[in-house]
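Working notes, beginning with the structure itself.
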Amino acid sequence: MQSLFFTADCGFEAHKKCSEKVPNDCLPDIKFVKNLFGADLTTVVKARNTPIPVVVEKCIKEIEHRGLEVEGLYRIAGLHDEVESIRMAFDKDGENTVISESKYDDINSITSVLKLYFRLLPIPLITFEAYRIIIDTMKQDEPRSRTQIIKIKEGLSKLPPAHYQTLRFLLAHLNRVTEQKATNMMGSDNLAIVFAPTLMRCPEPDPMMSLMNAQFEQKALETMLVKFRDLFSRMSTTQNFEANAKRPSFDALRISDQTPHFDKV
Amino acid sequence: NHIDKFKLSLFGEMGVGKTSLITRFMYDSFDNTYQATIGIDFLSKTMYLEDRTIRLQLWDTAGQERFRSLIPSYIRDSSVAVVVYDITNANSFQQTSKWIDDVRTERGSDVIIMLVGNKTDLSDKRQITTEEGERKAKELSVMFIETSAKAGYNVKQLFRRVAAALPGMEQTEPKKGEMTEVKLKDTGPIEPEHKEGGCSC
C-alpha cells in the first residue's frame, strides 16, 4: 500500500496532502537520498557533504588516471552493460564504488557514465535560468566579444553553488582533454558538440526548438571552454558566488583555478 | 517530368561514420577532421537510375543520446533507414539491434532497412566479422553491406542497392499508384502532432 506520508530529503514527514506546504529548504539526510543518478545535484552534494557529486569526481579522476589520449574520448559510447553496471554500483556503493581498469577496462564506459549522470539530472547542470541568458547572448552578440563574456558570466552567476563548482571542475577537465587533441581528436569545438546536449536542456518542450538551439548550445560550451579563465577566475566571480552560497561549507571548496592535475595513484 | 522523392535516414552510435558515408556519396570526398554532427543535418541528391530518376533526401542524425527521442519522428516518414556500425567497435554493432527494433516498431515492414558495417579500411582492428554482420542482417531480415567511407569502398553500391529496392522499381513490387509516392514536407523534419515523449532535450 502506498504511504500516506511524504518524507522530505531531511526525513521530515508530513501527510501527502499537506506536503506542498512544506518548505523545501531542509538539510538533506543521506538515508533519504538513495540514488545518485537522477537525484537533484544540490541535494546529493548537501547530503553527502562533498563539494561536487561523487560520480563526477570519481569518473573524472579515473579518466585522467587512465590518460586522455584515446581517439574520440567522450564521443564514442561505452559498452551498454558496463555503463548500466557502473551506474547501479554508484547508486549502491556511493563513494566506495570501484571503477578501476581491472573491473571496467573500456574507458568509454566511464565517459558514458559521466555523460549519463548529467543527462539524468532533474535540473540540468546549466540550469534553465542560466540557459536562457547564455543562449540569448549566443544568438544576439558577437562571438567571444566582451559583451558576450559578460553575459555568460551573468548567466553562470545564477547557478546554484554546487552546480557552479561542478561545472568549473568539469570544464577544467575538458580543457585538459582538448590539450590532447592531436591524439584524441577532441578539440573544444568537437567536445562541445558531444557534451553540450548533456549539460543544457532547452526549456521549450518543442523538439524542433530543441534542435534549432543545439548549435547555440554547442557554441556556448565551446566559448566556455576557450574562455574558461576569463569566465571562472575567482577574482571576478567571487562576489556573485558568495552571494549565492547559502552554506559556509561551500566556501571551503578547493578546486583550484590552475587546472589541477590529479595525483596519479 | 515527375521525380519520386524518398527520405533516407541514417542511424547508429556516435563516431561510426554516418556523416562520412554521406560526404563520400555526395562529394566523393573524406574529411579527416573527425567532427561530430550537431543535431540533425539534411541534404538532397538526385540519383539517375537505369529506368528513372529519383531524389533522395538524406537525413543525418547526431548519435548523441539526447536526440534519441526525436528518432521516431524521423523514422515515421522515411522510406529507408540506414543503420550503421563500426566494424572495429563491437558495442556499436550490438546497438544496431536496438536501432533496427526502433525502426520496426515505428514502421513495421513498410520500410527498407540496410545494415552497414563501416570502416573496412581498418581491417587490423576489426572486431566484427563480415559473417557476423551477414548473420544479424539475415536474422532481422534487413539488407547488409560493408563499406569504407574513407577508402570510398562500396559507398555508391550501398545507395544504389537501397534505391533499387525502393517502391516503384520494376524488379521489386508492382506499382501501386499513389502508394509509391512518399509525400514530404519541404519545411521541417517534424510534424507538429509528433508530441509523445515530451521535451526531447
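Per-structure values
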{"item": "Meets criteria (crowded, with 18+ Cβ neighbours inside 10 Å and of a type in the set (Asp, Glu)) for A:ASP189", "result": "yes"}
{"item": "Filtered residues of the stretch A:191-232 (kept if outside any helix (DSSP H, G or I) and without any contact (Cβ under 8 Å) to a residue 60 or more places away in the chain)", "result": "A:GLU204, A:PRO205, A:ASP206"}
{"item": "Check on B:GLN157, over 22 Å from B:MET26 (Cα atoms) and at pLDDT 95 or above", "result": "no"}
{"item": "Subset of the stretch A:174-186 [open to solvent by less than 10 Å² (accessible area, probe 1.4 Å) and assigned to a loop (DSSP other than H, G, I, E, B)]", "result": "A:MET186"}
{"item": "Breaking point among (1) under 18 Å from the mean Cα position of the chain (by Cα); (2) closer than 24 Å to B:ASP110 by Cα, for B:GLY17", "result": "(2)"}
{"item": "Residue among B:LEU166, B:LEU115, B:LEU158 that alone is hydrophobic (A, V, I, L, M, F, W, C), in contact with a helix residue (DSSP H, G or I) (Cβ under 8 Å, 6 or more places away or on another chain) and more than 27 Å from A:HIS80 (Cα to Cα)", "result": "B:LEU158"}
{"item": "Test result for A:THR137, closer than 16 Å to A:MET224 by Cβ, part of a helix (DSSP H, G or I), of a type in the set (S, T, N, Q) and away from chain B (no Cβ under 14 Å)", "result": "yes"}
{"item": "Scope the stretch A:97-111; condition surrounded by fewer than 17 Cβ atoms within 10 Å (Cβ to Cβ) and either small (Gly, Ala, Ser) or under 20 Å from the mean Cα position of the chain (by Cα) (or both); matching residues", "result": "A:SER100, A:SER102"}
{"item": "Positions within the stretch A:112-136 being over 19 Å from A:ARG168 (Cβ atoms) and open to solvent by less than 10 Å² (accessible area, probe 1.4 Å), in sequence order", "result": "A:VAL113, A:ILE135"}
{"item": "Criterion: closer than 27 Å to B:TYR153 by Cβ, in contact (Cβ under 8 Å) with a residue 12 or more places away in the chain, over 14 Å from the mean Cα position of the chain (by Cα) and open to solvent by less than 10 Å² (accessible area, probe 1.4 Å) - qualifying residue of B:SER92, B:SER78", "result": "B:SER92"}
{"item": "Some residue of the stretch B:91-104 being modelled with pLDDT of 90 or more and more than 16 Å from B:PHE11 (Cβ to Cβ)", "result": "no"}
{"item": "Check on A:LYS151, modelled with pLDDT of 95 or more, more than 15 Å from A:MET224 (Cβ to Cβ), of a type in the set (D, E, K, R) and open to solvent by 20 Å² or more (accessible area, probe 1.4 Å)", "result": "no"}
{"item": "Lone unmet requirement of (1) over 19 Å from B:TYR153 (Cβ atoms); (2) of a type in the set (Lys, Arg); (3) under 13 Å from the mean Cα position of the chain (by Cα) for B:LYS5", "result": "(3)"}
{"item": "Residue list for the stretch A:154-173, restricted to those being assigned to a helix (DSSP H, G or I) and open to solvent by 40 Å² or more (accessible area, probe 1.4 Å)", "result": "A:GLU154"}
{"item": "Filtered residue count, the stretch B:30-66, keeping only those that are within 14 Å of B:GLY12 (Cα to Cα) and more than 7 Å from every other protein chain (Cβ to nearest Cβ)", "result": "6"}
{"item": "Index of the failed condition, B:ARG104 passing every other in (1) open to solvent by 30 Å² or more (accessible area, probe 1.4 Å); (2) over 15 Å from B:LYS18 (Cα atoms); (3) within 14 Å of another protein chain (Cβ to nearest Cβ)", "result": "(3)"}
{"item": "Filter result (in contact with a helix residue (DSSP H, G or I) (Cβ under 8 Å, 6 or more places away or on another chain) and open to solvent by 30 Å² or more (accessible area, probe 1.4 Å)) within the stretch A:43-61", "result": "A:LYS46, A:ARG48, A:ASN49, A:THR50, A:PRO51, A:GLU57, A:LYS58"}
{"item": "Hits in the stretch A:203-236 (condition: at the interface with chain B (Cβ under 8 Å from one of its Cβ atoms), more than 16 Å from the chain's Cα centre (by Cα) and surrounded by 22 or more Cβ atoms within 10 Å (Cβ to Cβ))", "result": "A:PRO207, A:SER210, A:ASN213, A:ALA214"}
{"item": "In the stretch A:187-199, the residues that are at the interface with chain B (Cβ under 8 Å from one of its Cβ atoms) and either at positive phi or of a type outside the set (Asp, Glu) (or both)", "result": "A:ASN190, A:ILE193, A:VAL194, A:PRO197, A:THR198"}
{"item": "Test set (1) aliphatic (A, V, I, L, M); (2) more than 17 Å from the chain's Cα centre (by Cα); (3) part of a loop (DSSP other than H, G, I, E, B); (4) under 20 Å from B:ARG66 (Cβ atoms) - A:LEU125 fails condition number", "result": "(2)"}
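Residues are listed down the side, and each one gets a yes or a no for (1) touching a Pro at 6+ places or on another chain (Cβ under 9 Å); (2) touching a residue at least 60 places away in the same chain (Cβ under 8 Å):
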position: B:PHE11; (1), (2): no, yes
position: B:TYR34; (1), (2): no, no
position: B:GLU50; (1), (2): no, no
position: B:GLU65; (1), (2): yes, no
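The values are calculated or read from the model by the stated rules, or taken from the named source; none is laboratory data. This one's a predicted model, so the numbers in the text were calculated from it and none came from an experiment. Using ideal geometry, Cβ is built from the backbone for each residue, glycine included, and neighbour counts are taken over all protein chains shown. Surface accessibility is based on the protein's heavy atoms, side chains included, excluding ligands, DNA and RNA. Shrake-Rupley method; radii C 1.70, N 1.55, O 1.52, S 1.80 Å.
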